[in-house]
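Encoded as structure tokens, here's the structure I'll be asking about.
Read-outs throughout are calculated quantities, based only on the coordinates presented, and are distinct from any laboratory measurement. For clarity, every value in this text was computed on a predicted model and none was experimentally measured. Here Cβ is always computed from backbone atoms with ideal geometry, including for glycine, and neighbour counts include all displayed protein chains.
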Amino acid sequence: MDHFVKLVSSRDFLIAVLAAVSVAAVVFTLGAQFLVRSDMKERIKRVALEREKLRAEEMARLRGGQDGKSSVRREDLSSDYMKRIVERFSLQKAFADENTIEKLARAGYRGPGHLTSFLFMRFVTPMILALIALGYLIFLAPGGRPLYLNIAYGVGVGIIGSYLPVLLLRNATQKRQQSVRRAWPDCLDLMLLCVEAGMSVEHAFKRVGKEIGQQSSALAEELALTTAELSFLEERSRAYENLGKRTNLDGVKSVMTALIQADRYGTSVGQALRVMAEEGREQRMMEAEKKAASLPPKLTVPLILFFLPVLFIVIISPALIKVFATNVHM
């Protein structure tokens, strides 16, 4: 026992014990650091895998869509003969400018196939309408007109018909913008809920795009495309700017500007979305009040033409019947 006490209290033993404790502490510290780094690498790897999965899902939706239905119109609708005609006659130089692709994108038509189809229709539509007009004027309604006059009428119809694809494109764009405009306030509210619940902007766009599809398929397509762009573009601001350009709506552009500023200066995205959502609700209420205020002038003409004559007939008819009955008896 005395020998053990002397051993424990000896200087060499204490130095050895302290050295062992120090070595163990150093080893534990370094090992814990490596473990933390390994755990951090594992977490970063999981986040990267989740991001790649999200990117793959959005790209699959862009290419084919779910259940065989394309969510973004990427199909190549033009056939080989359309391409040959467009290339042979250089229709892109004649009918397309720097804004043509952007106008097609606003209507929901993206890709070189839709551009080729649009150029082909602008080239073919005047000739088809001119031939139809000539056939009608010459064979169905001759009217004794000279041939040159019928040809002039046909050429005029063809010239007017050359703007028919442009008008159809403009009509499709307006319908799409109207659909997006109606669903945008609800979309902002859903995005605000998602962001305040802790979701990232990419997941918020993805989730809201799935939910808003029943109300506006056009807005769901734009949100899906924006989600994909947020995944693979280097600058997130470009994805926001592209969404504003594709929709070409002031409300959407203002929200995208707020998101760009929040991303650039590090401010709260939820606060920016809350302010823009309140402004969207106020704007919707103002539009409803504007429509309600314009209703009385619109009802004035139908009231004068249809309701008042019927009302006069109902009021005067009994008196006229009595007067006619009295004259008959007399």
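Given a Förster distance of 51 Å, report the FRET efficiency between residue 197 and residue 147 from their Cβ-Cβ distance, rounded to the nearest 0.05.
0.10
If Rh is defined by the Kirkwood formula over all Cα pairs and Rg also comes from Cα, what ratio Rg/Rh do you get for region 173-293?
Here the Rg-to-Rh quotient is 0.95.
Something else: Which net charge results when you count Lys and Arg as +1 and Asp and Glu as -1 among the other residues whose beta-carbon is under 14 Å from that of residue 97?
Net local charge, residue 97 excluded: +1.
Moving on to the next point. Using packing as a proxy for protection, rank 94-103, 292-301 so that the peptide with the highest average count of other Cβ atoms within 10 Å comes first.
Highest mean packing first, the order is 94-103, 292-301.
Strictly over 25 Å apart at the Cα level, which of 210/291; 245/290; 83/103; 93/245 would you flag in this model?
Listed pairs above 25 Å: 210/291; 245/290.
Further, regarding this structure: Can you list which of the chymotrypsin sites (Phe, Trp or Tyr not before Pro) found in region 125-230 are DSSP loop residues with at most 13 other C-beta atoms within 10 Å?
In loop regions of region 125-230 (DSSP not H, G, I, E or B), the sparsely surrounded chymotrypsin sites (Phe, Trp or Tyr not before Pro) are 163.
Using only Cα atoms, what is the ratio of the radius of gyration of region 121-247 to 2.2 N^0.38 Å?
1.73
Along region 181-186, what does the Karplus equation 6.51 cos²θ - 1.76 cosθ + 1.60 (θ = phi - 60°) give for ³J(HN,Hα), rounded to whole Hz, x for Gly and Pro?
Taking θ as phi minus 60°, the curve returns 5, 5, 8, 5, x, 5 Hz for region 181-186.
Tell me, what HN-Hα J-couplings in whole Hz come from the Karplus equation 6.51 cos²θ - 1.76 cosθ + 1.60 at θ = phi - 60° for each residue of region 140-154, using x for Gly and Pro?
Residue by residue, region 140-154 yields 8, 9, x, x, x, 7, x, 5, 5, 5, 5, 5, 5, 4, x Hz.
What shape does region 241-289 take by its C-alpha gyration tensor, where a ≥ b ≥ c are the square roots of the eigenvalues and a/c under 1.5 counts as rounded, a/b above b/c as prolate, and the rest as oblate?
oblate
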